[in-house]
Amino acid sequence: MRGKRRGWMAPFQLFLFLNVIFFFAQSLSGLSVLAAPLDTHLHHMQYAPLAQRLVDSHPAARVRVWPVSVPLHPRPSSFLS
């Protein structure tokens, strides 16, 4: 055999390979390692105050939703029966 031998992967190739393996294994196992609930970020991490400020400053946090007592599917009128 002629030429240089390459015994190891380049760092970027190794990074890509391990990422593919990680996400493939995660999808097969059903675990969601990267999907921490918002409660964890807001109350159990060192950056919780920053996370709370970011959530509070989000435009959707300022929207007020008022309870409405109108049914989504009104009953048919009695005169139609």
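FYI, it's all coordinate maths here, none of it is from the lab. Predicted, not measured: the structure shown is a model, and the values here were computed from it. Here Cβ is always computed from backbone atoms with ideal geometry, including for glycine, and neighbour counts include all displayed protein chains.
Taking label positions 7 Å along the Cα-Cβ direction at both Arg5 and Ser27, the computed distance is 3.6 nm, reported to one decimal. What chymotrypsin sites (Phe, Trp or Tyr not before Pro) does the range 1-54 have in DSSP loop regions with at most 13 other beta carbons within 10 Å? In loop regions of the range 1-54 (DSSP not H, G, I, E or B), the sparsely surrounded chymotrypsin sites (Phe, Trp or Tyr not before Pro) are Trp8, Tyr47.
With semi-axes defined as the square roots of five times the eigenvalues of the C-alpha gyration tensor, the equivalent ellipsoid of the range 11-61 measures 31, 14, 11 Å, largest first.
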